[in-house]
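Engineer: Pasting a structure here, questions to come.
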Amino acid sequence: MTNVGPSWTPDQLQRDPHANPQKATRVQSMFSAIAPSYDLNNRIHSFGLDQSWRRRTVREIANRLGSLRDKKILDVACGTGDLTELLYAAGANATGGDYTPAMLEIAKSKSRKFSDFGLRLRYLDADATQLAFDNASFDAVTIAFGLRNVSSPEKAIAEFFRVLRPGGTLAILEFDQPRSKFVRFFHNLYTERVMPFTATLIARDRSGAYKYLPRSVATFLSPQGIAQFAAASGFERIQHHSLTFGTCALTLATRPLV
Ligand SMILES: C[S@@+](CC[C@H](N)C(=O)[O-])C[C@H]1O[C@@H](n2cnc3c(N)ncnc32)[C@H](O)[C@@H]1O
């Protein structure tokens, strides 16, 4: 689908997009516009690494919980469902939730191939900052490349704490800025100059999504900032894994038993 117009103007992106009062609706219209080519762009522009980062997320949660078999896991901001599917494939009872219908539709159509779609794998409309689930109803909550796009990450993390059972695990996968100046130079060249051009062409995008992407990473919380919000919500055992030269970070945290 080619979208009707820009979700982000160059002027808005020059400022901090996270401070934009219409961030939620702009993010939603942007993902509606790029949904059909979202997976293809991910694979091409991460050289397939995006799936390896999601697989690492699944392994680290399994390490914390013992096993994923029959564990109830909520994948927030699930988009087209790549992480939700991996959680399901690892044996979990996986629920993907997102607030962009176009992304959820793709997730659902990809999942119809699974025999127990609708039972052990399901997708629902869900807002990360206002989850319609009972307290303590999940063994794990995941969010991959989603927290940066949420209007209030602080509110979302407090919601993740609420819906997790005591002892449950939170996993946040998000882009990061490489520490090494050398890596950072080439990484920035790629994410700020090459990728916005090629991804925009592939998606035939007019929303500005692939210009928003590097800008939203540069202006977002560091893993340490995410950890501070998690600690403030009550999480403990907060741990980071830096992935692929620091271009991505996985933050894990546990809801205390008492
Ligand atoms: C970059 S995509 C990530 C999708 C998927 N998790 C992945 O690994 O590819 C970000 C997703 O966050 C969703 N999103 C942003 N804010 C949200 C919110 N408040 N509640 C639910 N989903 C949200 C968008 O609709 C979009 O599908």
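Engineer: Considering each residue of the stretch 122-156, count those that are under 17 Å from P17 (Cβ atoms) and either open to solvent by 60 Å² or more (accessible area, probe 1.4 Å) or modelled with pLDDT under 95 (or both), and give that number.
Structural biologist: Final tally of qualifying residues: 2.
Engineer: If I filter the stretch 158-177 for residues that are acidic (D, E), open to solvent by 40 Å² or more (accessible area, probe 1.4 Å) and assigned to a helix (DSSP H, G or I), do I get at least one hit?
Structural biologist: Filtering the stretch 158-177 for residues acidic (D, E) gives 159, 174, 176.
Those left that are additionally open to solvent by 40 Å² or more (accessible area, probe 1.4 Å): none.
Taking every residue of the stretch 158-177 in turn, none turns out to be acidic (D, E), open to solvent by 40 Å² or more (accessible area, probe 1.4 Å) and assigned to a helix (DSSP H, G or I).
Engineer: Which numbered condition trips up A227, out of (1) modelled with pLDDT of 95 or more; (2) not in a helix (DSSP H, G or I)?
Structural biologist: Against the list (1) modelled with pLDDT of 95 or more; (2) not in a helix (DSSP H, G or I), A227 comes up short only on (2).
Engineer: I would also like to ask the following. Here's a check for you: in the stretch 13-22, which residue that is part of a helix (DSSP H, G or I) and surrounded by fewer than 20 Cβ atoms within 10 Å (Cβ to Cβ) is nearest to the chain's Cα centre (by Cα)? Please lay out each step first, then the result.
Structural biologist: Here is the first cut: in the stretch 13-22, the ones part of a helix (DSSP H, G or I) are 13-14, 17-19.
Still in the list and also surrounded by fewer than 20 Cβ atoms within 10 Å (Cβ to Cβ): 13-14, 18-19.
On the way: L13: 20, Q14: 23, H18: 15, A19: 19 Å.
Step by step, filter the stretch 13-22, then rank; the result is H18.
Engineer: Identify the residue in the stretch 75-91 that is crowded, with 21+ Cβ neighbours inside 10 Å and without any contact (Cβ under 8 Å) to a residue 40 or more places away in the chain and, among all such residues, is farthest from the ligand (Cβ to nearest atom).
Structural biologist: If we take residues in the stretch 75-91 being crowded, with 21+ Cβ neighbours inside 10 Å and without any contact (Cβ under 8 Å) to a residue 40 or more places away in the chain, then Y88 is farthest from the ligand (Cβ to nearest atom).
Engineer: Any residue in the stretch 151-171 that's without any contact (Cβ under 8 Å) to a residue 40 or more places away in the chain: show its pairings with residues that are among the aliphatic types (A, V, I, L, M) and within 15 Å of the ligand (Cβ to nearest atom) at Cβ separation under 7 Å, as long as the two are six or more apart or on different chains.
Structural biologist: E159/A128; E159/L131
Engineer: Looking at the stretch 32-42, can you tell me whether even one residue there is away from the ligand (no atom under 12 Å from the Cβ) and without any contact (Cβ under 8 Å) to a residue 24 or more places away in the chain?
Structural biologist: No, the stretch 32-42 has no match at all.
Engineer: Still on this model: All but one of (1) in a helix (DSSP H, G or I); (2) away from the ligand (no atom under 12 Å from the Cβ) hold for P6; state the number of the condition that does not hold.
Structural biologist: Of (1) in a helix (DSSP H, G or I); (2) away from the ligand (no atom under 12 Å from the Cβ), only one is false for P6: (1).
Engineer: Given the structure, is L68 buried (at least 22 other Cβ atoms within 10 Å of the Cβ), within 15 Å of the chain's Cα centre (by Cα) and either more than 9 Å from the ligand (Cβ to nearest atom) or touching a residue at least 40 places away in the same chain (Cβ under 8 Å) (or both)?
Structural biologist: On the way: buried (at least 22 other Cβ atoms within 10 Å of the Cβ): yes; within 15 Å of the chain's Cα centre (by Cα): no; either more than 9 Å from the ligand (Cβ to nearest atom) or touching a residue at least 40 places away in the same chain (Cβ under 8 Å) (or both): yes.
Answer is no for this residue.
The values are calculated or read from the model by the stated rules, or taken from the named source; none is laboratory data. Just so we're clear, the structure is a prediction, and the values are computed from it rather than from any experiment. With ideal geometry, Cβ positions are generated from the backbone for all residues, glycine too; neighbour counts draw on all protein chains shown. Just so you know, the surface numbers come from the protein's heavy atoms only, side chains and all, with ligands and any DNA or RNA stripped out. Shrake-Rupley method; radii C 1.70, N 1.55, O 1.52, S 1.80 Å.
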